[in-house]
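My questions all concern the structure below.
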Amino acid sequence: MGDRPLRQVPALTFRTALLAGLFILLLALDLLRAYAGPSLSPAQWAAGAALVATLWSALGERGRRARERLPWVALAGLLVPTWVDHARRLDLGDSIHYYTYLRSMLFDHDLDLGNDYTLLGWYPQLNVLPVGAPILWSPLVVLVHLGREAARVFGAGAPTGTEPVYQAAVCQATLLYGTAGLFLLMHALRRWVSPAAAFWTTVIAWVGSPVRFYLSVLPGLAHGVEFFAAVLVLRAYQALRDRPDRRRALAAGAACGLVFLARSQDGVLLALPAIELARRWLAGPQRRRYALAAVALAAAFAVVALPQIAVWQAMFGTPLLVPHERLHGADFLHREHPQLLATLVSPRGGLFTSYPMMLVAALGLVALAFRDPRYVLAAAPVLLAGWYVNSVVFDWYQVRRFTGAVPLLAPGLAVALAPVTPAGVPVCALLALLVLRYDVAVDALRSTPGDPAPVRAVVAQAADGLAAGAYGLTARVAPRAATHLLAAYTGQPLLEDEVTTVDLGADPSLLRLPLPARHLSAPSVEDGVACRWVSGREARLFLPVAWDGAVIVTLRARALETPEPQLMTVSWNDAEVGRVELRPQWADYRLHVPRRAVRAGTNVLLLRFDRGPIYHRVRGEGPREVRPAALSAITLHRDRAGGR
């Protein structure tokens with residue numbers, strides 16, 4: 001089969017049918033995961049692995065040599081973890097805004113969204129978000145809706161559109177478009193660099209930009225769809241540049257209209273093909289041809305953008321709208337004070353500080369200007385316009401608004417990474433891993449948009465993430481060695497000497513590594529003692545120790561004042577080692593952990609409290625959360641005389 005010309009290979013073979021079947025199975029398991037939970041992940045991993053293996057075989061059947069197949073199969077394999085672990089519920093925020101359009105049209109056949117907000121657990125409000133994402137989600141959601149309606153024959157109740165399967169379908173649709181966008185981007189980048197460089201650029205553009213976050217963490221937003229549409233714009237530009245006829249101008253206009261539907265500010269991407277046509281028109285010959293192509297470009301854009309214009313007209317009485325200005329008024333924009341530098345380098349959400357590889361991409365565009373000035377001269381005005389638009393918005397730190405710029409920056413990133421590719425897979429894979437860990441570290445430090453994530457703190461967080469990952473892998477086979485390696489990294493070993501004291505009022509590595517401690521507050525001072533409050537009815541700490549003998553644990557703690565006594569139960573690796581009554585003054589509580597409960601590697605210290613007093617109710621000030629007790633220090637003693 002491999003020696004036959006491609007045209008002699010049937011479109012549908014056993015392998016392609018199997019590939020399609022496995023893909024449908026992966027989609028079905030993804031939707032079922034919304035109900036079955038993590039217990040379904042082994043089946044998802046198996047389906048993903050089978051799909052990747054079948055893709056390798058199916059491409060080989062079509063005459064693709066191993067070197068040609070590898071980038072496509074490798075990208076598919078790297079996407080499997082995202083398909084297994086991505087979010088499947090809509091967060092109470094913009095996700096609900098977007099979905100209300102689709103739910104209202106599907107169930108109520110109108111744009112009166114008040115009841116949709118109520119059903120989705122939010123109060124009725126003004127919705128100014130674009131309609132592109134709901135439109136692109138609709139094919140999959142409608143299929144799910146038809147299946148859910150068919151289930152009524154077997155006794156299921158009438159759906160409301162708020163069921164987990166509908167929310168999972170929205171998230172799955174975003175992931176489908178994002179997946180397609182990554183494959184299309186990789187193919188488009190081959191215009192400038194080798195297939196290997198195009199592959200690694202695609203991977204790094206994915207994990208080193210907002211794309212990763214909006215495909216895995218918040219797929220209920222429009223940014224995954226926006227990325228897909230922006231990739232279509234890039235590819236349509238390439239086709240138009242190769243042959244500037246009306247058909248390709250129509251395709252480019254439609255792609256630009258689609259990205260406008262997804263995020264209205266991305267309408268500036270229309271300038272990319274428009275500049276190409278303007279350049280050809282100014283060159284002189286065949287001006288009529290290029291003028292007609294420009295008309296086709298504008299017409300296609302207008303037609304595809306029409307649904308958004310119609311919605312604005314129906315809901316707000318105007319065909320054109322600056323969406324968030326309707327919500328926030330004139331203060332939405334501050335044209336006289338653009339945050340140009342901060343938009344790029346501020347720790348609150350600068351593009352380059354949040355995603356350093358986008359800085360590499362921008363520098364790569366400078367290098368690309370010497371090889372392909374036509375592209376850079378067409379893309380630069382679009383990128384500069386997007387930069388300016390975001391800098392004059394009151395919440396300029398919303399770095400996610402640059403998602404549509406990622407495909408246009410990707411050729412610059414490809415040129416910058418091309419010299420690295422010959423170093424081989426280990427070097428490129430290490431670079432991609434470091435980029436991913438940096439991105440994850442930014443997420444860990446920035447729980448809400450605008451939270452500062454200074455580069456130094458991000459690098460430290462990323463290093464902790466790498467250390468935790470290395471520890472976890474090593475601990476599976478050599479827990480003592482893993483513990484010693486982690487101690488060498490942190491400089492804070494536990495029980496390497498007879499006694500170790502951990503000051504919880506400071507910033508010990510124990511609170512971060514090997515796993516983050518749970519339900520402990522930020523540092524505070526109580527009765528002149530630096531400490532951390534337990535925020536909840538229990539606290540959990542993860543102690544990496546190489547010692548596997550008996551241990552004496554001394555907790556310096558105090559209870560929050562309560563009418564009834566506060567009792568604390570202490571467990572070590574699920575073995576209860578003591579139950580003590582805490583006093584509302586600082587005191588030491590000493591407990592013995594038998595040798596049988598201690599193991600080399602990670603040990604879990606669990607503190608449970610009988611009562612959950614609200615701090616603010618007890619003291620009339622402070623946080624309105626459960627805070628049963630404060631902890632100042634943990635002291636561990638090797639108990640050489642301890643029993644089993």
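The values are calculated or read from the model by the stated rules, or taken from the named source; none is laboratory data. These numbers come from a predicted model, not from an experiment. Glycine also receives a Cβ, built like all others from the backbone with ideal geometry; neighbour counts cover every protein chain displayed. Side chains included, ligands, DNA and RNA excluded: accessible areas come from the protein's heavy atoms. Shrake-Rupley method; radii C 1.70, N 1.55, O 1.52, S 1.80 Å.
Highest mean first, what order results for 162-175, 599-612 on Cβ atoms within 10 Å? It would help to have the intermediate numbers written out before the result.
On the way: 162-175: 22.9, 599-612: 18.4.
Result, highest mean Cβ count within 10 Å first: 162-175, 599-612.
Could the peptides 213-222, 88-97, 124-133, 562-571 be put in order, highest first, of the mean number of other beta-carbon atoms found within 10 Å of their residues?
Ranking, from highest mean packing down: 213-222, 124-133, 88-97, 562-571.
Between residue 625 and residue 604, what is the label-to-label distance in nm when each label sits 7 Å out along the Cα-to-Cβ direction?
Once both label points are built, they end up 2.1 nm from each other.
Pulled fully out, how much extra length does the chain show between residue 122 and residue 271, if you take 0.36 nm times their separation in residues and subtract their Cα-Cα distance?
Values: separation 149, 0.36 × 149 = 53.64 nm, distance 3.83 nm.
Gain in length upon complete extension: 49.8 nm.
Sort largest first and round to whole Å: the equivalent ellipsoid semi-axes of the stretch 16-56, each the square root of five times a Cα gyration tensor eigenvalue.
Working: eigenvalues 80, 22, 4 Å².
Working through the eigenvalues yields semi-axes of 20, 10, 5 Å.
Can you compute the FRET efficiency between residue 345 and residue 91 using 1/(1 + (r/R0)^6), with r the Cβ-Cβ distance and R0 = 45 Å? Round to the nearest 0.05.
On the way: r = 28 Å, r/R0 = 0.63.
So, using R0 = 45 Å, E works out to roughly 0.95.
Could you check the spin-label model distance between residue 429 and residue 385? Points 7 Å from the Cα along Cα→Cβ, value in nm.
Each label point lies 7 Å from its Cα, and together they span 4.3 nm.
In debye, nearest 20: dipole of the stretch 362-513 around its Cα centre with unit charges on the Cβ of K, R (+) and D, E (-)?
Values: 10 positive and 11 negative charges, 146 e Å.
With Lys and Arg at +1 and Asp and Glu at -1, about 700 debye.
With the convex hull built on the Cα atoms of the stretch 257-314, state its orientation-averaged projected area in nm².
Numbers: hull surface 15.8 nm².
Averaged projected hull area, Cα only: 4.0 nm².
Out of every Cα-Cα pair in the stretch 346-441, what percent are more than 16 Å apart? Could you put the intermediate results ahead of the total?
Values: 2735 of 4560 pairs.
Beyond 16 Å sits 60 percent of the P(r) for the stretch 346-441.
Using a 1.4 angstrom probe, figure out how much accessible area the chain has per residue, in square angstrom, rounded to the nearest whole.
On the way: 28530 Å² over 644 residues.
So the chain comes to 44 Å² accessible per residue, rounded to a whole number.
Is it possible to state the helix-based mean residue ellipticity at 222 nm for the chain, with each DSSP H run of 4+ residues giving -39500 (n - 2.57), the sum divided by total residues, to the nearest 500 deg cm²/dmol? What is it? All intermediate terms of the calculation are to be shown ahead of the outcome.
Details: 23 runs with 347 residues, N = 644.
Calculated at 222 nm, the ellipticity per residue is -17500 deg cm²/dmol.
With +1 assigned to the C-beta of every Lys and Arg and -1 to the C-beta of every Asp and Glu, and no other charges, what is the dipole magnitude of the chain about the Cα centre in debye, to the nearest 20? Kindly include the intermediate steps, with their values, before the conclusion.
Details: 63 positive and 46 negative charges, 443 e Å.
Roughly 2120 debye for the chain.
Normalized C-alpha radius of gyration of the stretch 388-435, against 2.2 N^0.38 Å?
1.58
Hey, any idea what the orientation-averaged projected area of the convex hull of the stretch 421-471's Cα atoms comes to, in nm²? Spell out each step's value before the answer.
On the way: hull surface 16.5 nm².
The Cα convex hull of the stretch 421-471, projected and averaged over all directions, gives 4.1 nm².
Can you compute the label reach from residue 617? Point 7 Å from Cα along the Cβ direction, backbone N cut-off under 18 Å, restricted to the stretch 555-590.
Within reach of a label on residue 617: 559-567.
Continuing with the same structure: Ratio of alpha-carbon Rg to the 2.2 N^0.38 Å globular estimate for the stretch 256-377, to two decimals, please.
Details: Rg = 18.6 Å, N = 122, 2.2 N^0.38 = 13.7 Å.
Taking the Cα Rg and dividing by 2.2 N^0.38 Å, one obtains 1.36.
How far, in nm, would the chain grow between residue 14 and residue 580 when pulled straight, counting 0.36 nm per residue and subtracting the alpha carbon separation?
Values: separation 566, 0.36 × 566 = 203.76 nm, distance 6.70 nm.
Working it through step by step, the gained length comes to 197.1 nm.
OK, next. So what are the ³J(HN,Hα) numbers for the stretch 124-138, from phi and the Karplus equation (6.51, -1.76, 1.60; θ = phi - 60°), rounded to whole Hz, Gly and Pro as x?
Going residue by residue, I get x, 7, 6, 10, 10, 6, x, 9, x, 4, x, 5, 6, 6, 4 Hz, with x marking Gly and Pro.
Longest span of the chain, sites excluded, free of GluC sites (Glu not before Pro) in DSSP loop with at most 15 other C-beta atoms within 10 Å?
The reported range is 1-335.
The stretch 430-589: percent of C-alpha pairs farther apart than 27 Å? Could you put the intermediate results ahead of the total?
Numbers: 4338 of 12720 pairs.
It works out to 34 percent of all Cα pairs.
Taking the Cα centre of the chain as the origin and placing charges on Cβ (Lys, Arg +1; Asp, Glu -1), which of 219, 529, 622 is farthest toward the positive end of the dipole?
219
Starting from 0 in steps of 5 Å, tell me what percent of the Cα-Cα pairs of the stretch 143-251 lands in each bin.
Here the calculated profile for the stretch 143-251 is 2, 11, 17, 15, 14, 12, 10, 7, 6, 4, 2, 0.
Can you tell me the orientation of helix 479-490 relative to the chain, as the angle in degrees between its alpha-carbon axis and the longest Cα principal axis, to the nearest 10?
80 degrees
Using only the Cα atoms, what convex hull volume per residue in Å³ does the stretch 532-644 have?
Details: hull volume 10.1 nm³, N = 113.
Hull volume normalised by residue count: 89 Å³.
Tell me the carbon and sulfur percent of the accessible area for the chain, rounded to whole percent, probe radius 1.4 Å. It would help to have the intermediate numbers written out before the result.
Working: 17710 of 28530 Å².
Carbon and sulfur atoms account for 62 percent of the accessible area of the chain.
List the residues, sorted by chain then number, that are 5 or more residues from residue 629 or on another chain and whose placed amide H is less than 5 Å from its amide H.
Correct list: 534, 560.
So how do 151-157, 554-560, 239-245 stack up, highest first, on mean other-Cβ count within 10 Å? Can you show the working numbers first?
Numbers: 151-157: 9.1, 554-560: 21.6, 239-245: 17.1.
In descending order of packing, they fall as 554-560, 239-245, 151-157.
Largest first and to the nearest Å, give the Cα extent of the stretch 77-175 along each principal axis.
43, 36, 21
Oh, and also: Compute the projected area of the convex hull of the Cα atoms of the stretch 1-129, averaged over all viewing directions, and report it in nm² to one decimal place.
On the way: hull surface 44.1 nm².
Mean shadow area of the hull around the Cα atoms is 11.0 nm².
Let's see if you can work this out: charge +1 on each Lys and Arg Cβ, -1 on each Asp and Glu Cβ, no other charges. What is the dipole magnitude of the stretch 568-616 about its Cα centre, in debye to the nearest 20?
Values: 8 positive and 5 negative charges, 31 e Å.
That gives the stretch 568-616 a dipole magnitude of about 140 debye.
Now a separate question. Quote the convex hull volume per residue of the stretch 201-265, based on C-alpha atoms, as a whole number of Å³. Mind dumping the intermediate values first?
Details: hull volume 5.4 nm³, N = 65.
Each residue corresponds to 83 Å³ of Cα convex hull volume.
If you take all C-alpha pairs in the stretch 591-644, what percent of them are over 17 Å apart? Don't skip to the end; give the middle numbers.
Numbers: 817 of 1431 pairs.
Counting pairs separated by more than 17 Å, the tail of P(r) holds 57 percent.
Additional query: Once phi is turned into ³J(HN,Hα) by the Karplus curve 6.51 cos²θ - 1.76 cosθ + 1.60 with θ = phi - 60°, what whole-Hz value does each residue of the stretch 102-114 show in order, with x for glycine and proline?
Values per residue, Gly and Pro as x: 5, 5, 5, 5, 6, 9, 9, 6, 8, 10, 7, 9, x Hz.
Say each of residue 492 and residue 306 gets a label point 7 Å from the Cα, pointing the same way as Cα to Cβ; how far apart are those two points in nm?
So the two model labels end up 6.3 nm from each other.
Which semi-axes, in whole Å and largest first, does the equivalent ellipsoid of the chain have when worked out from the alpha carbon gyration tensor as the square roots of 5 times its eigenvalues? Walk me through the numbers before you get to the answer.
Values: eigenvalues 492, 179, 141 Å².
Output for the chain: semi-axes of 50, 30, 27 Å.
Could I ask something else about it? Report the net charge of residues surrounding residue 606, where surrounding means a beta-carbon distance below 13 angstrom and charges are Lys +1, Arg +1, Asp -1, Glu -1. Walk me through the intermediate numbers first.
Numbers: positive: 518, 537, 540, 579, 608; negative: 538, 574, 576.
Once all neighbours under 13 Å are counted, the net charge is +2.
Another question about this same structure. Regarding the stretch 304-370, what whole-number volume in Å³ per residue does the convex hull of its Cα atoms give? Kindly include the intermediate steps, with their values, before the conclusion.
Working: hull volume 11.4 nm³, N = 67.
Here the figure is 170 Å³ per residue.
Can I ask one more? How would the stretch 388-513 be classified by its alpha-carbon gyration tensor: rounded, prolate or oblate, with rounded meaning a/c under 1.5 and the a/b versus b/c comparison settling the rest? Working shown, then result.
On the way: a/c = 3.86, a/b = 1.53, b/c = 2.52.
Since a/c reaches 1.5 but b/c is at least a/b, the shape of the stretch 388-513 is classed as oblate.
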